[in-house]
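Structure, as structure tokens:
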Protein chains: 2
Amino acid sequence: MSKTNVSTRLLVIPASPIRKLASYAKAAKKNGVRILHLNIGDPDIKTPEIMIKVLNDWTQNPIGYSQSHGEPVFLEALKFYYHKIGYKFIGKKNIQVTTGGSEAISMTFFAVAEPGDQIIVFEPFYANYNSYAAVNNIRLVPITTEEKTGFHLPPKSEIEKKINKKTKAIIICNPSNPTGTVYTKQEMDMLAELCEKYNLFFISDEVYREFVYDSLPYTSILNYMESMPDKMILLDSLSKRYSLCGARLGMLITLNKEISAGVLRIGQGRLSSGLVDQVMASKLTEVSDDYFQEVHKEYQKRRDVLYEGLKEIPGVYLKKPEGAFYTIVKLPVKDSENFCKWLLTDFKVDNTTVMMAPAAGFYGTPGLGKNEVRIAYVLNTDDLKRAIEILKRALVEYKD
Amino acid sequence: MSKTNVSTRLLVIPASPIRKLASYAKAAKKNGVRILHLNIGDPDIKTPEIMIKVLNDWTQNPIGYSQSHGEPVFLEALKFYYHKIGYKFIGKKNIQVTTGGSEAISMTFFAVAEPGDQIIVFEPFYANYNSYAAVNNIRLVPITTEEKTGFHLPPKSEIEKKINKKTKAIIICNPSNPTGTVYTKQEMDMLAELCEKYNLFFISDEVYREFVYDSLPYTSILNYMESMPDKMILLDSLSKRYSLCGARLGMLITLNKEISAGVLRIGQGRLSSGLVDQVMASKLTEVSDDYFQEVHKEYQKRRDVLYEGLKEIPGVYLKKPEGAFYTIVKLPVKDSENFCKWLLTDFKVDNTTVMMAPAAGFYGTPGLGKNEVRIAYVLNTDDLKRAIEILKRALVEYKD
């Protein structure tokens, strides 16, 4: 029988650097090893009880489709949220509910670029942008940012060099996963000016909007939306804000009517996002401000523990992250993927080891990030301290 | 300010014929009109109580990510299901959990065809295939089937005429949404032979597998999978079987390792399907056989009520559907979209009207289906009888 070939585009979908070592982790767990997960941004913080209560009180039966645009009660809740944070121009018609922030990214890439077109991104960047670029047949053009400047943007002229006829958009993740960088008003202004000058879409992924530390000022793309209504697209999600990663809820916000109409048609094709998840999340209107203040305090504390701990390890280098709950860390190893694998297969302290994401997968330029890892500080401070200690001892023992 | 253009591919995403009249329905509802929904396959049948109980008993907090491949307890339940229906060769590694059957369709189109490639489909076909073809830049090549043969397949030679170098797969929906056709073993054999002869993938969407009436024999693609492991892809979903449309759970089943590995990488990009939905649905292992027997009996009764009622209306023509819960019906109108719109805007009986899906959107060949509608018989028999009566009176009054 002749072999039937899959598409070449399927073969080039990259494996997630966050999940690619999963099989080694599984094997380690099978052998009874405890793994401290610094590889994935899946918070241990509790989902608000009032959301869990929606499940406990659930009576609606059958579990029917929701609406393609979004479940009405959830759209209302989202409108409430954006109004509360000061953006009263956002109406329900400007919101498309998506199945996770991931779907919002994918829909946006499809909407702004033809196959073969380019979107500018600042590396290191959220690795799943690669998957969605591949799925939508577009090319991400990376502009490198560096550890020594805290991964802030290069001068305007450096960015302009990468803009050509195929460039359709600039995407930024603010605060940044994986670097923890919070972009300044000057940086956001510069990107908005470039998008105006070269007629590009400006896409801002603000999933970590509330995770900004040390009272740094924060500049959302929403500040530019009314004056540049056609060009601005906000990608958002509740996963991190309310510890709802498993609820697969995101949103795409824009004042561009063609995009709203188009992504709704894509949305109709996949019928709806999950009903239960949406109804559960719509309780965000009743979550007290204390909830997030506590969450914020906890993450700032974790950030401090991680930073103070790591910078004392010989050969380890990082800048203090400004936001989100990630950081890119330089390690004294040649190949961080080998090191991360070795941690899972060959190393443990008191039967415990650490899982991290090799950083090369967060770069678009081949060869970069080889001696870096991305760390998500989503563990309590005791476990974080333990993880730092394990990493410290591992680096002494490891030979590459 | 210059206008920033969205991609041309966004503009050509078709509106769902199932949902495109939604705004008229919304307006009618606002005016207090009751709408009998025959337009969408969103069953009124109850979800098994044992699944709702999972929500009521929920304690897991936080709602974290599930695994990209699928939540382990859900994968176990799916394996249990396929083994129970006789396909013991299916292991967890052959199952990819998807966010709705829709994601399984989209992943499959991406996996088997390059941009510009063709997939053969029998029209009228499930309209959302159009969305996923557009999203994945592939072309659906329709082969027309006809009312008079109950929408069964044309001879092999007719299908062969449409196969060329760009053809990568044949997709069938069995039992068919929108026609209700259950394909015979001879038809499935013929498609398998064609796929063997021309080295094509054979994709079977079997979401309605259990909805086969009058004890007709049913031939699943699973019967061919072991002998043609590289070529066969099953698309499946729990939405209809357990009235879980709003739970967004589907599966892609294949023995082709490249496809399994590739769709898992796509799956990693979107992180996971919903945790709560998967845990809820994994209770399928404890749903008694009585549950589905009742569901089946109810749908067969509805099918009979619909068929007997409609065939008595002058000028209305349909074949008795063999499976699923849809049928394509010829109406004595010139343009069924105008008629369906008119039903929502200008017609009511006792303040009640009927919503149906214009059938043109279920055809790939322009001009076909203009005087047809798709009806989903997902209402109880009293409402169905009422809907038939309304339709009968509307056809008397309507002038096009």
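Since every read-out is calculated from the coordinates, none of them should be taken as a lab result. Here the structure is a predicted model, which is why all the values come from computation and not from measurement. All Cβ positions, even for glycine, are placed from backbone atoms using ideal geometry, and neighbour counts span all protein chains on display.
Table for the structure above
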{"item": "Nearest-20 debye value, chain B charge dipole, Cβ charges on Lys, Arg, Asp, Glu", "result": "1000"}
{"item": "Mean Cβ count within 10 Å, highest first, over the residues of peptides A:219-230, A:152-163", "result": "A:219-230, A:152-163"}
{"item": "Across the identical copies, how the A:Lys84 labels are spaced - nm, sorted shortest first, 7 Å along Cα→Cβ", "result": "4.2"}
{"item": "Euclidean distance between Cα centres, the stretch B:150-165 to the stretch A:234-270, Å", "result": "40"}
{"item": "Backbone HN-Hα couplings from phi across the stretch A:19-27 [Karplus 6.51/-1.76/1.60, Hz, Gly and Pro as x]", "result": "10, 5, 8, 4, 5, 5, 5, 4, 4"}
{"item": "Of B:Lys168/B:Lys240; B:Lys29/B:Lys341; A:Lys330/A:Lys399; B:Lys166/B:Lys370; A:Lys168/B:Lys166; A:Lys330/A:Lys370, pairs whose Cα-Cα distance is over 19 Å", "result": "B:Lys168/B:Lys240; B:Lys166/B:Lys370; A:Lys168/B:Lys166"}
{"item": "Positive minus negative residues near A:Val33 (Lys, Arg vs Asp, Glu; Cβ under 13 Å)", "result": "+3"}
{"item": "Charge tally in the Cβ shell below 12 Å around B:Val212, where Lys, Arg are +1 and Asp, Glu are -1, B:Val212 excluded", "result": "-2"}
{"item": "Extended-chain gain in nm, criterion 0.36 nm per residue less alpha-carbon gap, A:Lys385 and A:Asp350", "result": "11.2 nm"}
{"item": "Test item: Cα-centred dipole of the protein assembly as shown, Lys/Arg +1 and Asp/Glu -1 on Cβ, debye", "result": "1060"}
{"item": "Shortest-first nm distances, B:Lys29 label point to equivalent points in other copies (7 Å, Cα→Cβ)", "result": "4.1"}
{"item": "The protein assembly as shown - share of DSSP beta bridges that are antiparallel (%, nearest 5)", "result": "45"}
{"item": "For A:225-232, mean number of other protein chain Cβ atoms within 10 Å", "result": "2"}
{"item": "Amide H partners (placed H, <5 Å) of A:Ile35, local residues excluded", "result": "A:Thr353"}
{"item": "Eligible aspartates and glutamates near A:Lys156 by straight Cα distance, threshold 15 Å, same-chain separation 8 or greater", "result": "A:Glu187, A:Asp189, A:Glu193, A:Glu196"}
{"item": "Span from the the stretch B:285-362 Cα centroid across to the the stretch A:316-331 one, whole angstrom", "result": "59"}
{"item": "Label geometry 7 Å along the beta-carbon vector: A:Lys320 inter-copy distances in nm", "result": "7.9"}
{"item": "Prolate/oblate/rounded label for the stretch B:19-162 (Cα gyration tensor, a/c 1.5)", "result": "oblate"}
{"item": "Cα-centre dipole for the stretch A:60-286 with unit charges at Cβ (Lys and Arg positive, Asp and Glu negative), debye to 20", "result": "420"}
{"item": "Hz values of 3J(HN,Hα) by residue in the stretch B:278-287 - Karplus curve (6.51, -1.76, 1.60), Gly and Pro given as x", "result": "5, 5, 4, 5, 5, 6, 4, 5, 10, 6"}
{"item": "Net charge over other residues, Cβ less than 13 angstrom from the Cβ of A:Phe80 (K, R count +1; D, E count -1)", "result": "+3"}
{"item": "Signed unit charges on C-beta, dipole axis of the stretch A:23-100, positive-most listed residue A:Val97, A:Ala28, A:Ile63", "result": "A:Ala28"}
{"item": "Subset of B:Lys26/B:Lys385; B:Lys148/B:Lys334; B:Lys185/B:Lys301; A:Lys46/A:Lys257; B:Lys301/B:Lys334; A:Lys20/B:Lys46 violating a 28 Å alpha-carbon distance limit", "result": "A:Lys46/A:Lys257; B:Lys301/B:Lys334; A:Lys20/B:Lys46"}
{"item": "Other protein chain Cβ atoms within 10 Å, averaged over every residue that makes up B:273-283", "result": "4"}
{"item": "Residue-wise HN-Hα coupling along the stretch A:170-175, computed from phi with Karplus coefficients 6.51, -1.76, 1.60 (Hz; x: Gly, Pro)", "result": "10, 10, 9, 10, 9, x"}
{"item": "Shielding by other protein chains, A:50-57, mean Cβ within 10 Å", "result": "4"}
